[in-house]
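Below is one structure; the comments refer to it alone.
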Amino acid sequence: MKTSIRLFALLMVLMGFGVRAYAQSTAFASTTVVLITPIGITKTAEMHFGTVAASGTPGTIILEYNSTTAIGTGGATIVSAGAAQPTTAQFKVTGLVGDTFSIQLPTEDLILTGTTDGMKAGSFKASIDGTNDVTTGTIAEGGTTISVKGILTVPANAVAGSYANANQLIVKVNYN
């Protein structure tokens, strides 16, 4: 009988551990993510200051947003008859429609090389409407076009030839 009581007591103790071992609770959480369209930028037009005549006096070519207007000052003159026409650089920004973005342009002059070194392009500004300078924009359906204008510095007695600066007019955009 003592053995039965001991076995019964041991069985009760073990059952108590068994009940505690199975006592648990479970909770569930959903897992979600919001996936947006990444911001993107593609070049749609190169910057070209047009065909320019230099002189013994330094000058500048001021390229405006409307791509057909470039103004020569000092000893730099735009040549229009049968020449390459001025064009602003243009970029298309795509991403989440309605989101805003910031625009970053080069802050230092770019050096154009050719027959001789020394021509510089700088003072870059961006526009979305072709009129006003902006540093931010909003992504429209189908993308938003950014136009970039600048000023070319033509040194005195610049040697005739073709001058270029490949791929250094870097325009960056970021979601705000």
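Could you please tell me which pairs satisfy a Cβ distance under 6 Å, a separation of 6+ or placement on different chains, a first residue in segment 130-155 that is more than 27 Å from G50 (Cα to Cα), and a second residue that is modelled with pLDDT under 95 and part of a strand (DSSP E or B)?
Within 6 Å, no pair qualifies.
Name every residue in segment 30-82 that is β-branched (V, I, T) and part of a loop (DSSP other than H, G, I, E, B), in order of residue number.
Matches in segment 30-82: T31, T32, V33, V34, I36, T37, I39, T57, T68, T69.
Looking only at segment 156-176, filter to residues that are under 26 Å from the mean Cα position of the chain (by Cα), in contact (Cβ under 8 Å) with a residue 12 or more places away in the chain and not in a strand (DSSP E or B); which one of those is farthest from A89 (Cα to Cα)?
N176
Please tell me if G75 is modelled with pLDDT of 90 or more and surrounded by fewer than 18 Cβ atoms within 10 Å (Cβ to Cβ).
So G75 does not fit the description; no.
Being free of Cβ contacts under 8 Å to residues at least 40 places away in the same chain and crowded, with 17+ Cβ neighbours inside 10 Å is the filter; apply it to segment 78-108 and report the residue that is nearest to F124 (Cα to Cα).
Among those that are free of Cβ contacts under 8 Å to residues at least 40 places away in the same chain and crowded, with 17+ Cβ neighbours inside 10 Å, it is P86.
Which residues, taken from segment 24-58, are without any contact (Cβ under 8 Å) to a residue 40 or more places away in the chain and within 28 Å of L96 (Cα to Cα)?
Result: S30, T31, T32, V33, V34, L35.
Looking at I128, I111, which one is modelled with pLDDT of 95 or more and surrounded by 14 or more Cβ atoms within 10 Å (Cβ to Cβ)?
Of the residues listed, the single one that is modelled with pLDDT of 95 or more and surrounded by 14 or more Cβ atoms within 10 Å (Cβ to Cβ) is I128.
Looking at A121, is it aliphatic (A, V, I, L, M), buried (at least 18 other Cβ atoms within 10 Å of the Cβ) and under 15 Å from I41 (Cα atoms)?
No, not satisfied.
(1) closer than 14 Å to I41 by Cβ; (2) not in a strand (DSSP E or B): which one isn't true of F91, the others all being true?
Against the list (1) closer than 14 Å to I41 by Cβ; (2) not in a strand (DSSP E or B), F91 comes up short only on (2).
The values are calculated or read from the model by the stated rules, or taken from the named source; none is laboratory data. Just so it is clear, the structure is predicted and the values come from calculations on it, not from any experiment. Ideal geometry is used to build each Cβ from the backbone, glycine not excepted, and the neighbour counts take in all protein chains shown.
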